[in-house]
Every structure is written in structure tokens, then in C-alpha cells.
Amino acid sequence: MENFLSKDFWNDRWTNHETGWDIGYASPAIVSFFEKIEDKNIKILIPGCGNAYEAEALVRLGFKNIHILDIAPKAVDLLKEKYASNHQISVLCDDFFDHNSNYDMMIEQTFFCAIHPDLRKKYVEKAVSLLNTNGKIIGLLFDTVFEKQGPPFGGNKKEYETLFKHYFEIETMEICNNSIPPRKDKELFIQLTKK
Ligand SMILES: C[S@@+](CC[C@H](N)C(=O)[O-])C[C@H]1O[C@@H](n2cnc3c(N)ncnc32)[C@H](O)[C@@H]1O
């Protein structure tokens with residue numbers, strides 16, 4: 001695999017503060033979705049979590065079983081410090097593709113676009129293996145083409161439908177109506193349920 005997607009690549013981005021993807025707060029569309037979920041005991045994974053603002057939002061909403069995972073040790077050190085006294089959040093340093101556990105929901109927030117497109121099928125298969133029956137992927141996928149070589153890597157609804165439909169019921173895959181302003185009309189909100 002290209003070196004730019006390696007653990008060292010991502011760790012260097014964190015060490016050099018090159019984290020232009022970081023919006024500084026939890027994505028409103030993801031928060032809105034979880035506001036409506038009553039069972040606060042579901043086990044949730046946020047892969048490629050970065051600063052994991054969604055995890056803080058989930059704690060505020062009462063969720064108790066949140067697992068955040070990133071490949072970059074530098075990011076994970078920051079997260080471990082930030083969430084040291086937070087027992088609802090467990091912080092994991094791992095490659096998503098090597099991770100083994102089981103979850104009820106997985107949150108997608110600019111992780112899918114960070115991996116090389118050649119790995120997208122592997123992402124879907126890994127998500128299937130990590131999710132319990134009827135488990136869900138909730139989050140956002142870019143619906144745009146980026147001019148510069150990624151990451152981020154863009155995509156479109158047709159491509160995502162083809163990728164996910166064999167393994168997931170596509171409950172929602174629509175232009176997000178509460179994107180942050182710079183991403184308005186450029187991302188799809190997804191709710192995918194494992195078949
Ligand atoms: C574009 S950033 C997004 C971070 C965060 N989700 C956000 O929206 O602010 C992608 C993150 O995924 C992490 N990452 C990249 N490849 C990974 C992998 N194979 N397994 C786990 N984390 C990975 C990077 O270290 C980085 O923090």
C-alpha cells in the first residue's frame with residue numbers, strides 16, 4: 001500500500017498539526033440522529049476518530065458504551081489524556097482493518113474518505129464483521145470530487161450504493177440537510193443496517 005496511508009503518515013500529520021479535516025465540534029447531523037436513540041447502552045465504535053468530538057456529544061446524550069479508535073499514536077495519546085476520567089469512553093490505538101470486536105453501531109465521520117479507494121470494499125467487509133446483527137453505520141460520506149489527490153478521496157451515491165447494498169439495507173443515503181456550511185450539498189447522510 002502507498003506509504004501516504006501508513007500509520008507513520010497519519011502520525012506525522014498529527015505531530016505536525018496538519019489536521020485540516022478537524023471541524024472542532026461534533027457533526028450536527030450525527031448528533032441529531034443519536035438524540036433520537038433511546039437505548040443508551042448500545043455499543044458504539046468511532047473508527048478513525050481523530051479528536052472524537054462525537055464521543056463527547058454521545059456522553060452528553062447519556063450513551064455509556066463508546067469506543068474510539070485511531071491508528072495514530074499521537075492522536076491516541078491526546079485522546080487518552082482528554083478522556084482519562086471518562087468511563088463511558090474507551091480509547092483504542094489500532095488499525096481499523098486489524099481491529100476485532102463487536103458493536104451495535106459504527107459512526108462514519110471523514111474516515112472512509114481518508115482511506116485509499118482501493119480499500120473501500122475491505123472497509124465494508126470489516127464493518128460487516130464488526131457489527132452485530134442489525135448493526136448500523138451512521139454518518140456522512142462525501143458526495144463530491146476533490147481536485148487535489150487525496151486524502152480526502154471523494155465519491156458519489158451510485159458508487160456507495162453499489163459498494164454497500166450486498167451487505168447493508170440502505171435506509172438513508174441522501175444529501176445531508178444539516179451539514180456544516182463548507183460541506184453543504186457535498187455530503188450524504190447515511191443510515192445503513194447490516195443484513
Ligand atoms: C480525516 S481524519 C478524520 C478524523 C475525525 N473522524 C474527524 O472527522 O475529525 C482520519 C483519521 O483516521 C485515522 N486513520 C487513518 N487510517 C486509519 C486506520 N487504518 N485505522 C484507524 N484509524 C485510521 C487518522 O489517524 C485520522 O485521525
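Values quoted throughout were computed directly from the atomic coordinates according to the rules given, and no laboratory measurement underlies them. Since the model is a prediction, treat every value here as computed from it, not as a measurement. So basically every Cβ, Gly included, is an ideal-geometry build from the backbone, and we count neighbours across all protein chains shown.
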Jot down the radius of gyration and Dmax of segment 144-195, Cα atoms only, both in angstrom.
12.2, 35
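Cα convex hull of the chain: how many Å³ per residue?
That works out to 114 Å³ per residue.
Just need the relative contact order of the chain here, percent rounded to a whole number, with Cα pairs under 8 Å and 6+ apart.
Once normalised by length, the contact order is 19 percent.
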Orientation-averaged projected area, Cα convex hull of segment 1-106 (nm²)
6.9 nm²
Starting from the Cα-Cα distance between A84 and I23, subtract it from 0.36 nm times their residue separation and give me the gain in nm to one decimal.
19.7 nm
What value does segment 2-49 have for Rg/Rh, both radii from Cα atoms and Rh as Kirkwood defines it?
1.12
Please list, or write none, the lysines whose alpha carbon is within less than 19 Å of the alpha carbon of K186, excluding same-chain residues fewer than 8 places away.
K148, K157, K158
Fraction of the pair-distance distribution of segment 62-172 above 20 Å, Cα-Cα pairs, percent:
46 percent
Would you please state which residues of segment 14-52 a label at K184 would reach in this model, taking the label point 7 Å out along Cα→Cβ and a backbone N cut-off of under 17 Å?
28-29
The lysines whose Cα lies under 18 Å from the Cα of K74, excluding any fewer than 8 residues away in the same chain, are K7, K82
Nitroxide proxy distance, nm - points 7 Å out along Cα→Cβ at S32 and K122
3.5 nm
DSSP loop trypsin sites (Lys or Arg not before Pro) in segment 46-124 with at most 15 other Cβ atoms within 10 Å of their Cβ, which ones?
K64
Among 176-186, 154-164, what's the highest-first ranking by average C-beta atoms within 10 angstrom per residue?
154-164, 176-186
With Cα springs under 10 Å, the Gaussian network model of the chain assigns the largest mean-square fluctuation among L130, L141, L119 to L119
